[in-house]
Amino acid sequence: MKNKDRLIRPALLRGWKCKCPNCGNGPMLRDYLKVRDECPVCAEELFHHRADDGPAWATILIAGHILAPLMLIIYTAFRPEGWMMALGFSVVFLALALFLLPRLKGMFVALQWSRRMHGFGEEKDAQSEAAE
């Protein structure tokens, strides 16, 4: 099996923690959302990723599925003013989005790494096939 050495579950967990999907020790991100070119611990190349809008889409999807039922419950139980709902849920959404976005980006990069997508592992595969 080609992806035998790159298990998806540990890679996704490391991505959620914003750690290198290979070693799990080095930080994957610098600043807030910028993926490092390589892991400072194991030197695994990380620049191959193509996360693009996936993490933002997933963040909105998850936050929307959490907040939409919560809005309905809060409104039917307490009947707050519209501006209070808008302000309160805007703050909650912002906090949730800021929490989820880097973690989901880490998971997208880890998924691509574990499945050897977009150039992750091509050189190593070519070298190992040449050695055989």
### Message
Explain nothing, just the number: relative contact order of the chain, from Cα pairs under 8 Å at least 6 residues apart, as a whole percent.
### Response
37 percent
### Query
When ranked by the protection proxy of mean other Cβ atoms within 10 Å per residue, highest first, what sequence do the peptides 49-59, 82-92 form?
49-59, 82-92
#### Entry: Lysine pair count for the chain [Cα-Cα under 23 Å; pairs on different chains or 8 or more apart]
10
### Query
Loop-only check: which chymotrypsin sites (Phe, Trp or Tyr not before Pro) in the range 1-56 are DSSP coil with at most 12 other Cβ within 10 angstrom?
Tyr32, Phe47
### Summary
GNM of the chain, Cα pairs under 10 angstrom: of Pro27, Pro80, Pro40, the biggest fluctuation goes to Pro80
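Within the chain, which whole H helices from DSSP have a Cα span along their axis of at least 27 Å and a mean Kyte-Doolittle hydropathy of 1.0 or more, if any?
54-78, 82-114
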### Query
Between Leu67 and Met85, what is the label-to-label distance in nm when each label sits 7 Å out along the Cα-to-Cβ direction?
1.4 nm
## Note on the structure
Matching label for the computed Rg and Dmax of the Cα atoms in Å, out of (1) 13.4, 43; (2) 19.2, 70; (3) 14.4, 42, is (2)
### Task
Amide H neighbours of His49 under 5 Å, at least 5 residues apart or on other chains, H built in the peptide plane: list them.
none
### Query
Which value at 222 nm does the chain reach when only helices count, each DSSP H run of 4 or more adding -39,500 (n - 2.57), with the total divided by all residues and rounded to the nearest 500 deg cm²/dmol?
-20000 deg cm²/dmol
### Task
For Glu38, enumerate residues with amide H under 5 Å from its amide H, sequence gap 5+ or separate chain, H modeled in the peptide plane.
Leu46
### Query
Want the number for Leu98 to Asn25: 0.36 nm per residue separation, take away the alpha-carbon distance, what's left?
24.0 nm
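The numbers here are math on the coordinates, done by the rules we state, and not lab data. All of these numbers come straight from a predicted model, not from anything done at the bench. Don't worry about glycine lacking a Cβ; one is built from the backbone with ideal geometry, like all the others, and counts go over all protein chains shown.
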